[in-house]
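Taking it in order: structure first as structure tokens, then the write-up.
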Amino acid sequence: MSKTASILVVDDEIDTCRNLSDILTDRGYRVDMAFDGPSALDLVRKNAYDIALLDLRMPGMDGLALYREIRKLRSATVALVVTAYASKATAEEALAAGAWQVLPKPVDLPRMLTLLDEALGQPLVLIVDDDSDLCATLWDVLRERGYRVAVSHDEHDAARDLRERNFQVVLIDMKLPRGDGGSVFQRVRQTNPKTRTVVITGHRVEMDLLVQRVIAEGADAVCYKPFDVPRLLSTLQQLTEGDRPA
């Protein structure tokens with residue numbers, strides 16, 4: 001990893017929080033702690049965390065409510081929910097909220113560390129599109145297939161995300177409310193020339209000249225809306241594995 005992986009630990013049991021923080025810090029992670037939901041959100045607004053370890057039951061805002069808010073702010077953060085009240089219903093609720101795994105307390109440290117490595121190994125994808133419903137659907141589809149997914153709705157937000165993370169693939173809508181896909185493509189190239197790019201648009205005729213220009217400048221593929229989902233997934237797989245789609 002070119003950047004030190006960052007983890008946010010949130011638990012109202014202060015000793016538990018500090019113990020986990022010490023263990024993770026000793027293993028080279030950058031770790032921040034919070035003892036309640038509002039404090040955690042303050043940190044999330046300022047920092048991009050790779051993983052959030054969230055206690056399920058906390059006063060005021062529980063772990064799932066907290067993660068729903070984190071997902072709005074930093075959708076690429078992977079959530080591991082930790083609970084002393086693990087059950088099938090708890091797991092289903094957590095997964096429905098978008099959490100990745102549920103770990104029972106007391107935490108099995110070797111399993112937790114294995115899961116952290118697995119989560120950090122998932123390819124990072126950025127979706128830049130102003131259609132919130134489409135982004136939410138793609139987020140679910142890609143998370144189910146083992147991608148970490150960030151979402152930006154305009155060029156300004158995309159610029160922030162590109163500064164904070166090294167994405168393997170960026171999906172760029174050519175028509176945006178602020179800025180345009182061509183400008184986002186240039187930002188990707190300037191930020192990390194190794195990042196692969198997929199041009200997307202639902203305005204095939206209107207955006208054709210811009211699409212062709214960006215492809216000529218080095219974009220790797222184009223996918224038109226409504227998406228052929230299997231083709232999109234195949235394209236992403238090829239790009240994250242280092243191939244150029246045919």
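Of the residues GLU69, GLU217, the one with the fewest other Cβ atoms within 10 Å heads the list, and the complete ranking is GLU217, GLU69.
Would you work out which of ALA34, ALA84, LEU73 lies farthest towards the positive end of the dipole of the range 6-120? Charges go on Cβ: Lys and Arg +1, Asp and Glu -1. So the residue we want is LEU73. Roughly what angle does helix 155-164 make with the longest principal axis of the chain, taking Cα atoms, 0 to 90 degrees, to the nearest 10? For helix 155-164, the angle is close to 50 degrees. If you line up the long axis of helix 14-26 against the longest principal axis of the chain, both from Cα atoms, how many degrees apart are they, to the nearest 10? Approximately 50 degrees, to the nearest 10.
Distance from the Cα centroid of the range 117-133 to that of the range 13-38 is 25 Å (rounded to whole angstrom). Neighbour counts of C-beta atoms inside 10 Å place ASP42, ASP32 in the sequence ASP42, ASP32, starting with the fewest. Relative to the longest principal axis of the Cα atoms of the chain, the long axis of helix 109-120 lies at roughly 10 degrees. Converting phi to 3J(HN,Hα) with the Karplus coefficients 6.51, -1.76 and 1.60 and the offset θ = phi - 60°, the range 130-144 yields 8, 7, 4, 5, 4, 4, 5, 5, 5, 4, 4, 4, 6, 4, 4 Hz in sequence order, with x at every glycine or proline.
For the range 21-107, applying the loop criterion from DSSP together with a ceiling of 16 other beta carbons within 10 Å to the trypsin sites (Lys or Arg not before Pro) yields ARG27, ARG57.
Each of SER87 and ARG57 was given a label point 7 Å from its Cα along the Cα-to-Cβ line. The distance between the two points is 1.0 nm.
For the range 124-240, the square roots of the Cα gyration tensor eigenvalues, ordered a ≥ b ≥ c, give a/c below 1.5, which places it in the rounded category. Largest mean-square fluctuation among ILE70, ILE200, ILE215, in a Gaussian network model of the chain whose springs join Cα atoms under 10 Å apart, belongs to ILE215. Computed across the range 6-120, the Kirkwood hydrodynamic radius from all distinct Cα-Cα pairs reaches 13.7 Å.
What the Cβ-Cβ distance of LEU209 and ARG163 gives, at R0 = 45 Å and to the nearest 0.05, is a FRET efficiency of 0.95.
So if I place +1 on the C-beta of Lys and Arg and -1 on the C-beta of Asp and Glu, and nothing else carries charge, what would the dipole magnitude of the range 124-240 be about its Cα centre? I want it in debye, nearest 20.
480
Take every pair of alpha-carbon atoms less than 8 Å apart whose residues are at least six positions apart; their mean separation over the length of the chain yields a relative contact order of 11 percent.
Values quoted throughout were computed directly from the atomic coordinates according to the rules given, and no laboratory measurement underlies them. Predicted, not measured: the structure shown is a model, and the values here were computed from it. Don't worry about glycine lacking a Cβ; one is built from the backbone with ideal geometry, like all the others, and counts go over all protein chains shown.
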